[in-house]
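Undergrad: Pasting a structure here, questions to come.
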Amino acid sequence: MKGMKLLTAMGLSTALFAATPGFAAEALTPAQKAEVQQLIGSYLKENPEVVIEAIQVWRQKQDAAEAAMTRDTITELMAEARNTKSPVWGNPKGNVTIVEFFDYNCPYCKKVFPSVKKLIADDGNIKVVMKELPVLGPNSEYAAKAALAAQKQGKYDLFHAQMMNKSSRLSKEGVHDAAKAVGLDLDQLQKDMESPEIRQELERASVWAQRLGVNGTPAFVIGEELIPGAIDGDRMKQFVELARKKK
């Protein structure tokens, strides 16, 4: 209603200026522009709720546009996940796909790890696509590269679990200790860590995170839903059930 009043006031002022000789053929003069600005400014001072209403409408449109963009990105991500080169945990042919963004030095990622592990074991029909997102510094990046290199030796799952179960932050030495503990060839691991494929995998994960607005770990995409932050096992199950219903 206030917005309509403002438009009416602007219409009246325009009509007033239109009655001025030469207005139809020429643009507003500086004096006329100043008068319009004064009219609108006075109206907004007397009715500040009009500005608030306009901002709310703008925010709603922005939120709707961002939500639509996120949905489209999730659709693309899930399409890629069907034939992903990223490590897969659980059932590669599972009827529900979870994409997890994580960092080996993230305490919340380590906290949620047992819930993810239990969900996979209890359900048996879940595919978890692992997206290494080392956001916590060089040691996190080193651990991520090592984990992806472990995939080449067929021991990603074991190595992933070994590092996730360490309560302290991982240094390079800690990564080496974890590698030795699961029987990885350390020399080969370090060579494979510098491969172009691993660099591309990390870059691709980073691009997906940016497009989804993920700026911290952990974050999950379950079915059509983006869930930032650590969630417990019960909520994971709820999202999995929702994803199955939508199939």
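Quick note: the coordinates plus some simple rules give every number you see, no bench work behind them. The structure displayed is predicted, hence computed values, not measured ones. Note: ideal-geometry Cβ built from the backbone for every residue, glycine included; neighbour counts use all protein chains shown.
Undergrad: Per-residue HN-Hα couplings for region 54-60, Karplus 6.51 cos²θ - 1.76 cosθ + 1.60 at θ = phi - 60°, whole Hz, x for Gly and Pro?
TA: Here the 3J(HN,Hα) series is 5, 5, 4, 5, 4, 5, 4 Hz.
Undergrad: Calculated FRET efficiency, Trp58 and Asn125, Cβ-Cβ r, R0 41 Å, to nearest 0.05?
TA: Numbers: r = 44 Å, r/R0 = 1.06.
Taking R0 as 41 Å, the efficiency between Trp58 and Asn125 is 0.40.
Undergrad: Relative contact order for region 77-245 using alpha-carbon pairs under 8 Å, separation at least 6, rounded to a whole percent? Before the final figure, lay out the partial values.
TA: Numbers: 256 pairs, mean separation 50.5, N = 169.
Reported relative contact order: 30 percent.
Undergrad: Continuing with the same structure: What does the net charge come to around Asn91 if you take all other residues with beta carbon closer than 10 Å to its beta carbon, with K and R at +1 and D and E at -1? Could the numbers behind the result be given before it?
TA: Details: positive: Lys93, Lys127; negative: Asp123.
Local charge sum for Asn91: +1.
Undergrad: Using 1/(1 + (r/R0)^6) with R0 = 51 angstrom and r between the beta carbons of Asn47 and Lys245, what's the FRET efficiency to the nearest 0.05?
TA: Calculated transfer efficiency: 0.60.
Undergrad: While we're here: State which stretch of the chain is the longest one without any exposed GluC sites (Glu not before Pro), exposure meaning a DSSP loop state and at most 12 other Cβ atoms within 10 Å. Spell out each step's value before the answer.
TA: Details: sites that count: Glu26, Glu194.
With GluC sites (Glu not before Pro) excluded where exposed in loops, the chain gives 27-193 as its longest stretch.
Undergrad: Over the C-alpha atoms of the chain, what are the Rg and the largest Cα-to-Cα span, Dmax, in Å?
TA: Just the Cα atoms of the chain yield Rg and Dmax of 27.7, 91 Å.
Undergrad: Principal axes first, then extents: for the Cα atoms of region 116-232, list largest minus smallest coordinate on each axis, whole Å, largest first.
TA: Dimensions of region 116-232 along the principal axes of its Cα atoms: 41, 32, 26 Å.
Undergrad: Sketch the reach of a paramagnetic label on Arg235 as a point 7 Å from Cα along Cα-to-Cβ, and name the residues of region 92-130 whose backbone nitrogen lies under 12 Å away.
TA: Flagged as within label range: 112.
Undergrad: Taking amide H positions as placed 1.01 Å from N in the peptide plane, with prolines and chain starts having none, which residues 5 or more places from Ile126, or on another chain, fall under 5 Å of its amide H?
TA: Asn91
Undergrad: Short version: ³J(HN,Hα) in whole Hz for each residue of region 218-231, in order, from phi by Karplus 6.51 cos²θ - 1.76 cosθ + 1.60 (θ = phi - 60°), x for Gly and Pro, what are they?
TA: Per-residue couplings from phi come out as x, 8, 10, 10, 10, x, 10, 10, 9, 10, x, x, 6, 10 Hz.
Undergrad: Another question, if that's okay. Give me the mean projected area, in nm² to one decimal, of the convex hull enclosing the Cα positions of region 201-247.
TA: Dividing the Cα hull surface by four gives the mean projection, 3.7 nm².
Undergrad: May I ask for the net charge around Met164, where only other residues with Cβ less than 9 Å from the Cβ of Met164 are counted and Lys, Arg are +1 while Asp, Glu are -1? Walk me through the numbers before you get to the answer.
TA: Working: positive: Lys110, Lys117, Lys166; negative: none.
So the environment of Met164 carries a net charge of +3.
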